[in-house]
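Read through the structure below, which is laid out as structure tokens, and then see the notes.
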Amino acid sequence: MSAARRWLQQRIISPLIDLSYVLMSLLFARGFPRWYERFNTWHYRRQAQRYDRSVIELEGARYAQALEAGLQTLSVQPKTILDVNTGTGFVAQRLLTLFPNAKIVATDLSEAMLAQARQRSPQIEFVRADTAKLPFEDGSFDLVTLHNGPPHFAEMARVLRTGGQMLIAFTSGARVPTIVLRRWLKSVQRFGRVELGRSGDGLWVLVTKFSQTIRGA
């Protein structure tokens, strides 16, 4: 693994991807377009078997730096957890380690990525689902997490119980332009009390839901 490749991933590719996730969350607040679903299916079908090696291992310790910092701020002791955009199940497995008695469900749009996740953690329930159209009842979970993906806040808040918490983390989110982050955070505040933190290049956002959220809000 060359130093140049690692530098390119960490300093250029990762920040641009996280910026795209934040912008998508702003631009498509009511749901992601069909072209994104088609692109997602195509892209991750090609990447699934090498994703851990080409992204997670390449990023090294910084990959989950912000996620770990955000997990340290949780005040809930969740019995039910949903990890959206789970990819190959990295976060779901970490949550299982932290909360071994919790029921953990993880979703992703890519069946190819889910196949890898099931091999990693057969004890977790993995479900193919769009984050903008989650197949769960209102208030089903105590904790909802998302790491490195475009969040759909209204839908994530819908399946979160009142008083539950939603944790979003990005490997390079702290490098997203401040003007974009401010606009993005403003869109989050209607769903609950918001805490924000940075860890290296990473960014985490913790939302504690203060009221029931109407579908499509």
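Using a Förster distance of 41 Å, how high is the FRET efficiency between Arg11 and Val76, based on the Cβ-Cβ distance and rounded to 0.05?
Taking R0 as 41 Å, the efficiency between Arg11 and Val76 is 0.75.
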In Å², rounded to a whole number, the accessible area per residue of the range 1-124 with probe 1.4 Å is 53
HN-Hα couplings for the range 144-156 via Karplus (6.51, -1.76, 1.60; θ = phi - 60°), in whole Hz with x for Gly/Pro, come out as 10, 10, 8, 10, 6, x, x, x, 10, 5, 4, 6, 5
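Would you please report the Å³ per residue occupied by the convex hull of the alpha carbon atoms in the chain?
Working: hull volume 23.8 nm³, N = 217.
Taking the convex hull of the Cα positions in the chain, it is 110 Å³ per residue.
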So the compactness index of the range 41-157, its C-alpha Rg divided by 2.2 N^0.38 Å, takes the value 1.01
With all protein chains present, the chain has a carbon and sulfur share of its accessible area (1.4 Å probe) in percent of 53
Computed for the chain: size of charge dipole around the Cα centre, +1 on C-beta of each Lys and Arg, -1 on C-beta of each Asp and Glu, debye to nearest 20, value 420
Rounded to the nearest Å, the spacing of the alpha-carbon centers of the range 85-141 and the range 8-36 is 21
Per the rule of 0.36 nm per residue minus the C-alpha distance, extending Gln119 to Glu37 adds in nm 27.2 nm
Under the helix-only model (-39500 (n - 2.57) for each DSSP H run of 4 or more, divided by the residues of the chain), the mean residue ellipticity at 222 nm, to 500 deg cm²/dmol, is -10500 deg cm²/dmol
By the mean-Cβ-within-10 Å protection proxy, highest first, 15-21, 126-132, 150-156, 37-43 rank as 150-156, 126-132, 15-21, 37-43
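Using the Cα gyration tensor of the range 106-217, with a ≥ b ≥ c the square roots of its eigenvalues, what is the shape: rounded (a/c below 1.5), prolate (a/b larger than b/c) or oblate (neither)?
Since a/c reaches 1.5 but b/c is at least a/b, the shape of the range 106-217 is classed as oblate.
The values are calculated or read from the model by the stated rules, or taken from the named source; none is laboratory data. Just so you know, these numbers come straight off a predicted model, no measurement behind them. Cβ sites come from the backbone with ideal geometry, for glycine too, and all protein chains shown count toward neighbours. The accessibility values were calculated without ligands, DNA or RNA, using every heavy atom of the protein model including side chains. Shrake-Rupley method; radii C 1.70, N 1.55, O 1.52, S 1.80 Å.
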